[in-house]
Amino acid sequence: MPVVTSFPSCNMRVSMHRFPANTAIIMSLNKAQIKRLRAESHRLKLKPVVIIGQNGLSENVNNEIAIAVEHHELIKIRIPALDKDGKKQLTETICAKNQAILITAIGNVIVIYRRNEKADRFATLLSD
């Protein structure tokens, strides 16, 4: 069962789930924060950092996603052309395996975000 903690100083809610000790905290964002991150992904003209082929989400591809999201925080991923349910399931799997939040999904491209405590490049966008 998740434990929700609020931080009034930065107007954020953090959902802490019981994961293994080496797993990051899952953070929930409000609609305004997601909107700002989506706008930032368009402003930066991000290109897909990882492209998933027809073989799907292999362990190596998942490792590359983990490295990219750790370094960049906000990344675009191109997923294969699947039916609607297949895309949704693949997107949920990517987000769950990498403790990331889906920002937007347009066509075959998704944008995900995971906060990096060390870099925290988007802290000004996420503060209300």
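What follows is calculated from the coordinates using simple rules that are stated; it is not laboratory data. For clarity, every value in this text was computed on a predicted model and none was experimentally measured. Ideal geometry is used to build each Cβ from the backbone, glycine not excepted, and the neighbour counts take in all protein chains shown.
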Item to check | Estimated FRET transfer efficiency when R0 is 22 angstrom, pair Ala32-Glu92 (beta carbons, to 0.05) | outcome: 0.40
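Roughly what % antiparallel, to the nearest 5, for the DSSP beta bridges in the range 31-126?
Rounded to the nearest five, the antiparallel share is 75 percent.
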Checklist outcome for this item: Gyration tensor on Cα atoms of the range 31-126, a ≥ b ≥ c root eigenvalues, a/c under 1.5 rounded, else prolate if a/b beats b/c, else oblate, says prolate
Item to check | Lys47-Asp128 FRET efficiency (beta carbon distance; Förster radius 22 Å; 0.05 resolution) | outcome: 0.15
Item to check | Per-residue ³J(HN,Hα) for the range 79-94, Karplus 6.51 cos²θ - 1.76 cosθ + 1.60, θ = phi - 60°, Hz, x for Gly and Pro | outcome: 10, x, 6, 10, 6, 4, 5, x, 5, 5, 5, 5, 5, 5, 5, 4
Checklist entry - Could you put Leu125, Leu37, Leu90 in order, starting from the residue whose Cβ has the fewest other Cβ atoms within 10 Å? => result Leu125, Leu90, Leu37
Checklist entry - What are the ³J(HN,Hα) values, in whole Hz, obtained from phi via the Karplus relation 6.51 cos²θ - 1.76 cosθ + 1.60 with θ = phi - 60°, for each residue of the range 55-63 in sequence order, with x given for Gly and Pro? => result 6, x, 8, 7, 4, 5, 5, 5, 5
Checklist entry - What are the trypsin sites (Lys or Arg not before Pro) within the range 51-128 that DSSP puts in a loop, where the Cβ has at most 11 other Cβ atoms within 10 Å? => result Lys118
Checklist entry - Could you give me the ³J(HN,Hα) list for the range 71-77, computed from phi with Karplus coefficients 6.51, -1.76, 1.60 and θ = phi - 60°, whole Hz, x at Gly and Pro? => result 7, 9, 6, 10, 9, 9, 10
